[in-house]
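Contents: one structure, followed by commentary.
The values are calculated or read from the model by the stated rules, or taken from the named source; none is laboratory data. On a predicted model such as this, the values are computed, not experimentally measured, just so you know. Here the Cβ is made from the backbone with ideal geometry for all residues, glycine too, and neighbour counts use every protein chain on show.
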Amino acid sequence: MLFTNACIFLPEGRFQRGCFRVENGRFTQVGEEVSAEGIDLQGALVLPGLVDIHTHGCAGADFSDGDLPGLKRMGRFYAAHGVTAFCPTSMSLPYERLREAFLTAAAYADDPPEGGARMAGIHMEGPFLSPAKRGAQNEAYLRLPDGEAFRALNGACGGCVALVDVAPELARAEAFIRQAAKACTVSLAHTEADYDRAAAAFSAGASHVTHLFNAMPPLHHRAPGLIGAASERENVTAELIADGLHVHPSMVRAAFRLFSGRIALISDSIRCCGLPEGAYELGGLPVTLKGRAVRLADGTLAGSATDLFTCLKNAVAWGIPREEALLAATLIPAKRIGKERQIGAIRPGAFGDFLLCDEKLNLKRVYLGGRPLE
């Protein structure tokens with residue numbers, strides 16, 4: 001199928017007027033306008049489907065439930081909101097609970113629902129995290145880094161884990177990082193690590209930072225900590241929650257300067273995303289959604305109720321150049337998990353997942369594999 005008269009966002013980070021073709025669910029041609037009949041997109045912005053590499057749930061479902069119908073409901077919600085690939089993200093739970101959830105992700109990948117986003121790999125956020133920086137993670141289930149447990153979980157789901165988080169100051173963390181980095185991306189998270197400890201973890205193979213600024217020491221001129229160590233390394237990417245609650249808009253702008261070309265926008269959404277205010281659950285802990293904020297009983301922020309497309313629009317509204325924000329929600333996260341040839345970009349060979357938007361980034365239509373989402 002040929003699509004014409006489009007303003008296409010290219011992997012180089014710029015827009016080009018032209019046409020593109022999708023055959024058998026994949027892009028086969030992207031180029032300047034040709035004289036041929038096709039579907040006239042009437043000058044609409046054509047964006048790659050967004051890629052959310054950190055999302056726990058939405059629409060009343062949570063990945064950690066280990067419930068396949070719930071995960072499929074999540075996938076359909078993501079697609080309807082412009083996210084065409086996602087990494088379901090686990091909480092800190094007993095290993096058996098995590099195994100059940102991981103098996104559910106593998107089943108989803110084998111048989112995705114009609115109209116659902118693609119499963120791009122599991123993000124294993126817990127349980128190798130610091131109790132002191134646990135945030136909304138359940139302290140009862142936190143564990144020291146365990147290479148054997150990680151291998152068993154990843155093996156059970158056929159190697160679906162794309163990201164695993166660890167607090168580098170924990171015992172055996174450096175050895176764990178060296179081992180796990182051979183299988184997936186290792187991210188530093190929920191940590192009290194100082195600059196030297198973080199730098200050693202990056203040297204050992206960590207290459208990502210989970211929800212920058214949250215659940216870690218702040219950047220200080222005499223104690224740069226994890227943020228300082230990460231900013232100096234060009235191979236390190238950093239997640240950012242642009243919901244207007246987790247990170248102030250000024251710090252969003254600062255992050256894009258500090259990590260130029262290395263920010264991955266995420267939602268960190270939980271099951272109440274898309275639902276009304278009320279009481280919900282996250283990782284075995286009660287949470288409450290009031291306004292746009294999800295909090296534990298003590299007031300701690302507990303994930304978000306904001307989808308990634310809204311985070312993208314927020315970033316642009318706060319002064320992030322449109323093209324930079326788009327890369328942060330598409331190609332950069334896809335690269336971080338090694339899937340940039342398949343998702344996150346409009347290029348030959350990639351899945352034909354794309355969004356039609358107007359000049360103000362209002363979402364008009366979603367296409368999966370070249371077919372419009374009804």
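Points worth noting:
- In segment 16-39 there is at least one residue matching the filter, namely being surrounded by 16 or more Cβ atoms within 10 Å (Cβ to Cβ) and of a type in the set (Gly, Ala, Ser).
- Checking each residue in segment 279-310 for being touching a residue at least 24 places away in the same chain (Cβ under 8 Å), small (Gly, Ala, Ser) and under 23 Å from Leu93 (Cβ atoms) picks out Gly283, Gly284, Ala302, Gly303, Ser304, Ala305.
- Flag if Pro276 is surrounded by fewer than 24 Cβ atoms within 10 Å (Cβ to Cβ) and free of Cβ contacts under 8 Å to residues at least 24 places away in the same chain: yes
- All told, Ala109 falls short of being surrounded by fewer than 23 Cβ atoms within 10 Å (Cβ to Cβ) and under 25 Å from Leu361 (Cβ atoms).
- Subset of segment 84-115 (residues that are within 16 Å of the chain's Cα centre (by Cα) and in a loop (DSSP other than H, G, I, E, B)): Met91
- Residue in segment 89-102 that is farther than 17 Å from Asp62 by Cβ and crowded, with 20+ Cβ neighbours inside 10 Å present: no
- Scanning segment 11-20 for residues that are touching a strand residue (DSSP E or B) at 6+ places or on another chain (Cβ under 9 Å) and more than 16 Å from Leu356 (Cβ to Cβ) gives a single hit, Pro11.
- Tabulated pairs, segment 73-95, first in the same structural domain as Cys311 (by TED's automatic domain parsing) and at pLDDT below 95, second aromatic (Phe, Trp, Tyr) and part of a helix (DSSP H, G or I), C-beta under 7 angstrom, 6+ apart or interchain: none
- Failed condition for Phe63, given (1) crowded, with 24+ Cβ neighbours inside 10 Å; (2) touching a Lys or Arg at 6+ places or on another chain (Cβ under 8 Å); (3) not β-branched (Val, Ile, Thr): (2)
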